[in-house]
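A short write-up of the structure that comes next.
Quick note: the coordinates plus some simple rules give every number you see, no bench work behind them. Values in this document were obtained by computation on a predicted structure and should not be read as measured data. Every residue, glycine among them, receives a Cβ derived from its backbone with ideal geometry; neighbour counts consider all protein chains shown.
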Amino acid sequence: MHQYTVNDILEIFDKPTVEGDTSKTLSSIASLESATEHDLSFLGNKKYAHLVPTSNAGAILLPRDYAGECPPAAAIIRVDNPSFELAKVCAIIEKALWPDPKPSIHPSAVIDPEAEVEEGVYIGPNVVVCRKARIARGAKLMANNYVGASAQIDENAIMMPNSVLMDYCKLGKRSRLQPGAVVGSDGYGYQLIDGEHKKIPQVGIVVIEDDVDIGANTCIDRARFDKTVVGRGTKVDNLVQIAHNVQIGSCALLVSQVGISGSTKIGNYAVLGGQVGVAGHLKIGDGAMIGGQSGINGDVAPKEFIRGTPAYPYLKAHKLDILKEKLPELFSRVKDIEEKLGIEKKVFGKH
C-alpha cells in the first residue's frame, strides 16, 4: 500500500465522523489483532468487538453505533458499513498493485483473421482468439487465454490468465473469469449402449450475463442443447462445477466447491454454501439459503433456509443434530430397560 494520511482516505468514505489525529500516515491494512500504528483496520463483524480497545492500529473504521471503548492512540472513523468502506480503500490499492493494461495486442497473440476485435482492447501474451470470435471495446484478455470460435466477449469483460471461453459461448459486460476458469467445457452426458458408455454430443452454449464473477478453476459446462446460463450479478467462487443446462438467476452466491447437476434451476439471490451438492432437474427458489456441505435431492422453496444431508429446514436440522448426540445414551437406557424386562432384542439384524 502506498502511504496515505487519514485525511487522504477520508475523502472516499460516505459521511464519516472522525475522532483523533487525522494527520497520521498509513501504509497498509491489517486485522485489529495484528495491526500496528501504520495500519488501517476495521470492525466488520461484532464478534471481534472485544479486540477494538487493545488494537494498535493507526486508524480504525467502526460502525456508527459502536459503543465500546476505543484505543486512545488510534484515529476513529465511524461509518455505516466499515466493511464496504474498507473495500473502497482496497480498490485504490488494487489499482496501484495491478494497474489496468493499456489497450494493445501482444506480438505473441494469435488472432484469426476472421475474428472481430474492437478498439480499446488489451490482448496479452500467448492469447489465442479463434475464427469469428468477437471482442468488444474495453475487454482485457490476460496471458494464455483461449477464446473459441464465434465466442463473444462484451464491453469491459476480463479474462484472467489461463482462463478459457469455448466456442460460441458468451461473456457479459464487466464480467470476470479468474485464473483457470473454463466456460463451455462439454457437458457430462453419456448413454449406456451395448455395455459401453457412448458420449452424447453437447451442442449448446454457455451464457455468462453482465457483472458476473467466475472463480478460479471453476468449470461451467455447455448445454446439451440450448444454453447453460449464469445470471446477471451472480458471484461464483473457486472450484465450483456447474453442469449442462443449469439455469442460475440474478445475484446468486455460489461458494467454493459447490456442485450443481444438469438442468437444475437456481433462483435469484439464492445462496449455496461451501461444498453444497445439488442433484439434477431440481428447482431452488428465489432467495433460498443452503448451508455448507448440504446434499439437496429435492426442490427448495423460495426463501427457505435449509442444511444437512438429507437437507431439512435449518432449525429442524439443528434440533436433529442435538438429538443425534443423545443417541448413545438413549441406546444404553433402552438396553438397561430390556435387560430388566428380560426382553430378547434384535439390533441391526443380529441377536
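Please tell me the relative contact order of the stretch 208-314 in percent, rounded to the nearest whole number, where contacts are Cα pairs under 8 Å and at least six residues apart. So the answer I get is 17 percent. Under the rule a/c < 1.5 gives rounded, and otherwise a/b versus b/c splits prolate from oblate, where does the stretch 253-310 land using the Cα gyration tensor? Rounded shape, in that the Cα axes give a/c under 1.5. In the stretch 92-179, Cα pairs under 8 Å separated by at least six residues give a relative contact order of 20 percent.
Rounded to the nearest 500, the helix-only mean residue ellipticity at 222 nm of the chain stands at -4000 deg cm²/dmol, with each DSSP H run of n ≥ 4 adding -39,500 (n - 2.57). For the cross-link pairs K95/K303; K140/K303; K102/K235; K47/K324; K47/K173; K132/K199, the ones whose C-alpha atoms lie over 31 Å apart are K95/K303; K140/K303; K47/K173. Stretching K340 away from A73 to a fully extended chain increases their span by 89.1 nm, per 0.36 nm per residue minus the current alpha-carbon distance. The charge dipole of the stretch 104-315, taken about the Cα centre with unit charges on the Cβ atoms of Lys, Arg (+1) and Asp, Glu (-1), comes to about 220 debye, rounded to the nearest 20.
For a test of the definition: using alpha carbon positions, the gyration tensor, and the 1.5 limit on a/c, classify the stretch 200-351 as rounded, prolate or oblate. Here the stretch 200-351 falls in the prolate category. Sorting 76-89, 252-265 by average packing, meaning the other beta carbons within 10 Å per residue, from highest down gives 252-265, 76-89. With the convex hull drawn around the C-alpha atoms of the stretch 4-97, the volume per residue stands at 86 Å³. 3J(HN,Hα) couplings calculated from phi for the stretch 145-157 with the Karplus curve 6.51 cos²θ - 1.76 cosθ + 1.60 (θ = phi - 60°) are, in sequence order, 6, 10, 10, x, 4, 6, 5, 10, 10, 8, 4, 6, 6 Hz; Gly and Pro show x.
Measuring nothing but how far apart in sequence close Cα pairs (under 8 Å, 6+ apart) lie, relative to its length, the stretch 257-313 scores a relative contact order of 29 percent.
If each Cα of the chain is one equal point scatterer, what is log10 of I(q)/I(0) from the Debye formula at q = 0.08, 0.11, 0.14, 0.15 Å⁻¹? One equal scatterer on each Cα of the chain leads to -0.58, -0.92, -1.14, -1.19. Given their separation in residues at 0.36 nm each and the Cα-Cα distance between them, Y314 and S256 gain 18.8 nm when the chain is fully extended.
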